[in-house]
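Asker: Handing you this structure, nothing more for now.
Read the figures in this text as sums done on the coordinates, not as results from a lab. The structure displayed is predicted, hence computed values, not measured ones. Methodologically, a virtual Cβ is constructed for each residue, glycine included, from the backbone with ideal geometry; neighbour enumeration extends over all protein chains shown.
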Amino acid sequence: MSSLSLYSVQAVLILDSAGKRVYAKYYEPPHTGADKYKALSKSLKKQTEFEKQLFQKTHKQDSEVLIFEDHLVLYKEYLDVTLYLLGSMEENEIVLQQAFNAFKDSLDLILNSGIDKKNIQENYDMVLLAIDETIDDGIILETDPATIASRVTKPPSNDPQMDLDKGLLGAWGFAKSKLQERLQQGI
Amino acid sequence: MSTHTYKKFESSESGDLPDKMTIYQSCMSEFNESQINAKKCRLLIARLLRLLANGETFPETEATALFFSISKLFQHPNDSLRQAVYLAIKELSGISEDVLMATSSIMKDVQNGSDLVKPDAIRSLTAVLDESTAFSAERLLKSALVNKHPSISSAALCTSYHLLPIAETTVKRFANETQEAVVDLKPFPHKNIVGDYYPNSTFITQYHALGLLYQLKKNDKMALLKMIRQFSDNNMLKNQLAKVELVKLVNEVTTKDPQLFIDFQPLLNDWLSNKFESVQLETAKLITNFATRNSRLISSELFAAAITTLQSLLTVPRTSPKFAALRILNRISMVSPEKIVVCNPELESLINDSNRNISTYAITTLLKTGTAKNISSLISTITKFIHDVSDDFKIIIIDAIRSLSLNFPNEWKSIVNFLIDVLKNGEGGFKFKNNVVEALIDIVSFVPQAKETALENLCDFIEDCEFNEILVRILHLLGKEGPSTSTPSLYVRHIYNRVVLENSIIRSAAVISLSKFALSKNDSTLTESIISLLKRIANDQDDEVRDRATISLKFIDSARKSNNQEAQVFIESKYSYDLSALESKLATYISSDKDSFSTPFDVKAIRRFTEDEAKAMELRRKQDQFLKGNLENGRESTPGFTEESAIADSNENSNFSGPSLDDHEQDLLSTKYVDELMSIDQIKKFGSLVNSSKAVALTDPEAEFIVRGVKHLFKENVVFQFNITNTLTDTALDNVTLTCTPENPDESQLEELFTIPIVRLLPSEEGACYVAFSKSEEIVMENFLNTLTFTTRELNQETNEPFEGDEGFQDEYDIDSIFLNAGDYIKSSFVGDFSSTFDELPNEEVAVYNVKENISLQEIVDRLIVNTSCLPLESTQYASSDSNSHTLKLFGKSALKGSKIAVIVQLIKTSKGIAMKAQGRAEDVTLCADLVNGLM
């Protein structure tokens, strides 16, 4: 693969505090057919093994960047999850760091109460959308976290029209009755 | 479907994965409802995707059914649901059939969707289109490409990029639009923003457009040059990823045509101080990589500027720029450490960095740039933290230290102490311990001053070593080196302890090791004790141990009583066989027909090496490997070698794993020469071959006939072997001979005996022509002028035979002369203590040279090593490029008599040339004089 290729990200992973997978996506250039990454994107067994070893290597190490099995790995450990981004050895480290920051900071923006396992699992749809808006099949799509966050929709609320009406009417009703009470008392 | 499982995933706090079948069932029912509940559907899709992300998969029919139901959700207008639908479509398209059916819905969205879903719709096209349908998206993609909204334009560019392999002709039609997209700055529109975020415009569309444009034009050099010219102008590119891409483009162009580099130098210089670190980094990477391949084409100022940029990146607080800069510096340190000495202060401050990756890189880099002065301080710094790092890092550090020990033998004390410390106190697996032991074995073999300290500590180590393999190696080493130390009895005690305490594998190794002490000259009382020990062992419960003890006793006995040479040889082997030659000979012996088994295998035909020779070869191999390993690693980062590079980097530490293939071939080659020579009757009469030189090129490598000469030395004869390659395609050479005329015919001491010509040399074949001379037993040196004579014959292409009646015509061809010099009479040899050996040798000869040629010290050192065929000792084979003087220490043995010779060459480089003073000492007066006077 030429170093000029736009396919610079090889995988995005989220592992929990025991090294188990919360999210994983291994990218491969579409429509090429060839297994470029030794079929890591194909075999679940290899992936699990890889993730296990990667976790051992990075857990409680706080080194942010390392080379692991021919991948350049950027990661950030949170309280009970670790975010990873894998790129090729030749890729510009700072470019990958940009992509990783976009991934990490956009999660930070959309998950209101910070990045942790519970939050990620509860807002899984939004996490998926954020990753999808950051990296498209291995191409870095966007590096500005706010742009990414602005493109991630919140889940639709249940029958929004009705809810709103009911709420307003209810509030109006409540206020009206309160006011009447006050007025009566005052008079 | 029990309610139990359903409830379980409803509360996501449990973190358990939802049940696959439950999800499938609910998806199928919910998505097919007439009234779609957007909230519920999105939630279900999220759960489905979570299953898929965790590696669950669906059978094709179920996946197709899912895909079909999901595409029904297109009826619902909610954008929030729509985004989730696109995610699902992309994930499911890989495992389901008939993905094309979603195309029309997607296309509708591409045309009429909101700005929010449009990019998602465009990007999902990658997943649903195939070779036969890709063209249908042409119009849509083209108009999206020029859209003012950056997300839409980027999405279209990425999709085109993905589709390139299957729809090249379609995408090629976007060239103009792509070109426009690079130039066109597309700010993010601030109206209609859904949430409360304030996006910054990154103009990343430029990056995508540039990437695609390169793919479209990559075979057109002029177009690429035009791209660089156009886009490097006045801040045309705002996006930093795009700028990095442009640097890579320059790299690509200059790799293909290095001559272009000169034009880019000013541009690169600008980029080195670019405001983006990524651009600085990529430019520095480009320059340093280029310099390792084409050092002549790059100005030293630019290289220095690149180093300065890297140096400043080392001091930034963020991790990844530091890490990246260190990786590059580490690469340079393997090829030309002297160039990055300026960064040493920064590197030293990084040793204590909290990030272990960074500190390890800093240390290995420093160790390579290290000089004799700062080694011990470096080692003490490493000692402080080595116990805290992982095995992998330890191994990298140990390997760096190991090469140091060969380069700076005088620093052995701190190195050995360090190694012993990590060996005894360090926690670590087999690989790590083995590396440490190997480093110590190297030191024991090549740094004699350190031998006893290292051995004693290894003895302590085997007292509690858990790895059999390592134990056996150490026992063997003790047996080999122990008897010649000052207190052999010390080692005997340690070895015998192993016999008492360990398993049978180790016991048998210990027995052999013990038996070698029986004939130790340093302590004659030992013999009796060894015999009694061995007698006790002869009752061991293990067969192998018993056998070995018994046979050792037998050997010792016969060696003492009858002074039996053979037995002595068995106990203390004085020489080893050329293993690769032995292997190939044995293989041919076995594979030949049964008749040949009647004659026993003749082991005498295999070359044998004495211990010194073997050591010399090993040291030379290690030195070579060190250099070669460096070059390979240095090359690793150049594009085009991507595949190997990955391996090279991860195997940085395996440079010493054993002889490389090249060496192996070299060994086989010399055996081949012997075989060929001995098959010629006339030469066979000369007796056994004493020495063969390396092949010397006598013509340009581009000449029509490539000739390489090898000098074979016999006791009273010399044979020149000329390997001639015919590079012509349609002409055969007949009767190829070489006429060797002595330069001074009157004084010639060599008498030509015969010439064996090559009868016919077909195109692109190699043949050997021999010229034999007789000489006196003394050392004879002479120069020969050579002329190649042959008859050319044109070949009939069909039969590969010369045309009939073609007489051919005779031709002559002058080639370079061949020198028979003193070096040809010398074999390289190893000696531990050069200076005392030098002082002990009786005959001295001094000569002074003045070399007028404009060459570097290193070049002259290399030439001297080849000319003398001696072994450079004390790592004097590397002349540092920033000093004007150098001392080279050479040691060898006469190939004819085995007498020692040592030479010290002092070199001083001045503006006029190189002044050289050679001081030689040898046991043989004439050899010494001949060698010292015939250096150049």
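Asker: Report Rg (one decimal) and Dmax (nearest whole number) for the protein assembly as shown, counting Cα atoms only, units Å.
Answerer: Calculated on Cα positions, Rg and Dmax stand at 37.8, 146 Å.
Asker: Round to the nearest 10 and give me the degree value, 0 to 90, for the angle of helix B:319-335's Cα axis relative to the longest principal axis of chain B.
Answerer: Helix B:319-335 sits at roughly 30 degrees to that axis.
Asker: Report the full-extension gain for the segment B:SER764 to B:GLU801: residue separation times 0.36 nm, less the Cα-Cα distance, to one decimal in nm.
Answerer: Length gained, B:SER764 through B:GLU801: 11.9 nm.
Asker: Let me ask something else. What number, rounded to the nearest 500 deg cm²/dmol, is the helix-based mean residue ellipticity at 222 nm of the protein assembly as shown, given -39500 (n - 2.57) per DSSP H run of at least four residues and division by all its residues?
Answerer: Details: 45 runs with 573 residues, N = 1123.
Dividing the helical sum by the residues of the protein assembly as shown leaves -16000 deg cm²/dmol.
Asker: Using alpha carbons only, how many angstrom separate the centre of the range B:398-460 from the centre of the range B:475-548?
Answerer: What the calculation gives is 24 Å, centre to centre.
Asker: May I pose another question? Taking +1 at the Cβ of each Lys and Arg and -1 at the Cβ of each Asp and Glu, which of B:ILE904, B:SER104, B:THR126 sits farthest along the dipole of chain B towards its positive end, judged by Cα position relative to the Cα centre?
Answerer: B:SER104
Asker: For a Förster distance of 45 Å, can you work out the FRET efficiency between the beta-carbons of B:SER489 and B:ASP700, rounded to the nearest 0.05?
Answerer: The computed FRET efficiency comes out at 0.10.
Asker: Would you mind computing Rg(Cα) / (2.2 N^0.38 Å) for the range B:698-788, counting N as its residues?
Answerer: Rg over 2.2 N^0.38 Å, computed on Cα atoms: 1.16.
Asker: Let me know the Kirkwood hydrodynamic radius for the range A:9-150, please, with Cα pairs as the basis and the value in Å to one decimal.
Answerer: Hydrodynamic radius (Kirkwood, Cα only) of the range A:9-150 equals 15.2 Å.
Asker: Something else: Would you work out the relative contact order for chain B, in percent, from Cα pairs under 8 angstrom that are 6 or more residues apart? Kindly include the intermediate steps, with their values, before the conclusion.
Answerer: Numbers: 1382 pairs, mean separation 44.5, N = 936.
Value for chain B: 5 percent.
Asker: In terms of modelled amide H atoms, which long-range or inter-chain residues lie less than 5 Å from the amide H of A:ASP136?
Answerer: A:LEU141
Asker: Still on this structure: Would you report the distance distribution of C-alpha pairs in the range B:113-174 as whole percents per 5 angstrom bin, up to the bin with the largest distance?
Answerer: 4, 22, 35, 24, 12, 4
Asker: Would you list B:VAL903, B:VAL674 from fewest to most Cβ contacts within 10 Å?
Answerer: B:VAL674, B:VAL903
Asker: If I model a spin label at B:SER300 and A:LYS57 as a point 7 Å from the Cα along the Cα→Cβ vector, what separation in nanometres do I get?
Answerer: 4.0 nm
Asker: As an exercise, use a Förster radius of 25 Å and the Cβ-Cβ distance of B:SER883 and B:GLU853 to find the FRET efficiency, rounded to the nearest 0.05.
Answerer: 0.85
Asker: Can you give the three extents of the C-alpha atoms in the range B:425-476 along their principal axes, from longest to shortest, in whole Å?
Answerer: The Cα atoms of the range B:425-476 stretch 29, 21, 18 Å along their principal axes.
Asker: When the scattering of the range B:824-933 is computed by the Debye formula from its Cα atoms alone, each counted once and equally, what is log10 I(q)/I(0) at q = 0.09, 0.13 Å⁻¹?
Answerer: Debye curve over Cα of the range B:824-933, log10 I(q)/I(0) at q = 0.09, 0.13 Å⁻¹: -0.21, -0.44.
Asker: Another question, then. Which GluC sites (Glu not before Pro) in the range B:384-452 sit in a loop by DSSP (not H, G, I, E or B) and have at most 15 other Cβ atoms within 10 Å of their own Cβ?
Answerer: In loop regions of the range B:384-452 (DSSP not H, G, I, E or B), the sparsely surrounded GluC sites (Glu not before Pro) are B:GLU427.
Asker: Still on this model: Which whole-number percent gives the relative contact order of the range B:824-933, counting Cα pairs below 8 Å spaced six or more residues apart?
Answerer: Taking the mean separation of contacting Cα pairs over the length of the range B:824-933, I get 35 percent.
Asker: Using a simple spin-label model with points 7 Å from Cα along the Cα→Cβ vector, what separation in nm is obtained for B:PHE597 and B:MET222?
Answerer: 7.3 nm
Asker: Once fully extended, how much extra length lies between B:MET101 and B:GLU812, figured as 0.36 nm per residue of separation less the alpha-carbon to alpha-carbon distance?
Answerer: 248.2 nm
Asker: May I ask you to list the aspartates and glutamates whose Cα is less than 19 Å away from that of B:LYS535, ignoring any residue fewer than eight positions away on the same chain?
Answerer: B:GLU502, B:ASP543, B:GLU544, B:ASP547, B:ASP557
Asker: Using only alpha carbon pairs under 8 Å that are at least six residues apart, calculate the relative contact order of the range B:680-820 and give it in whole percent.
Answerer: 23 percent
Asker: In nm, give the distance between the simple-model label positions of B:THR588 and A:GLU69, each being 7 Å from the Cα along the Cα-to-Cβ direction.
Answerer: Here the modelled spin labels are 4.6 nm apart.
Asker: Then there is this: Give, as ranges by residue number, the residues of the range B:809-823 whose backbone N falls under 11 Å from the point 7 Å along Cα→Cβ of B:ASP734.
Answerer: Answer for the range B:809-823: B:809-810.
Asker: Scattering from the C-alpha atoms of the range B:183-260 alone, worked out with Debye: what is log10 I(q)/I(0) at q = 0.22 1/Å?
Answerer: With one equal scatterer per Cα and no solvent, log10 I(q)/I(0) is -0.99.
Asker: Identify all lysines with a Cα-Cα distance to B:LYS39 below 24 Å; exclude those on the same chain that are fewer than 8 residues away in sequence.
Answerer: Filter leaves A:LYS117, A:LYS118, A:LYS154, A:LYS166, B:LYS7, B:LYS8, B:LYS20, B:LYS72, B:LYS90, B:LYS108, B:LYS118.
Asker: Can you report the principal axis dimensions of chain B using only the alpha carbons, biggest first, rounded to whole angstrom?
Answerer: Per principal axis, max minus min of the Cα coordinates gives 107, 82, 65 Å.
Asker: Further question: Between B:THR169 and B:THR910, what FRET efficiency comes out of the Förster formula 1/(1 + (r/R0)^6) with R0 = 51 Å and r the beta carbon distance, rounded to 0.05? The partial results should precede the final answer.
Answerer: On the way: r = 66 Å, r/R0 = 1.29.
It comes to 0.20.
Asker: Find how much the distance from B:ASN468 to B:SER136 grows on full extension, using 0.36 nm per residue of separation minus their present alpha carbon separation; answer in nm with one decimal. Write out the running numbers ahead of the final one.
Answerer: Numbers: separation 332, 0.36 × 332 = 119.52 nm, distance 6.78 nm.
Length gained, B:ASN468 through B:SER136: 112.7 nm.
Asker: Straight-line reach from B:LYS221: which lysines have Cα under 18 Å away, leaving out those fewer than 8 places along the same chain?
Answerer: Filter leaves B:LYS172, B:LYS248, B:LYS256.
Asker: To continue, here is another question. Counting only residues 5 or more places away or on other chains, whose amide H sits under 5 Å from the amide H of A:ALA11 once H atoms are built in the peptide plane?
Answerer: Here the answer is A:TYR27, A:LEU86, since their amide H atoms fall under 5 Å of that of A:ALA11.
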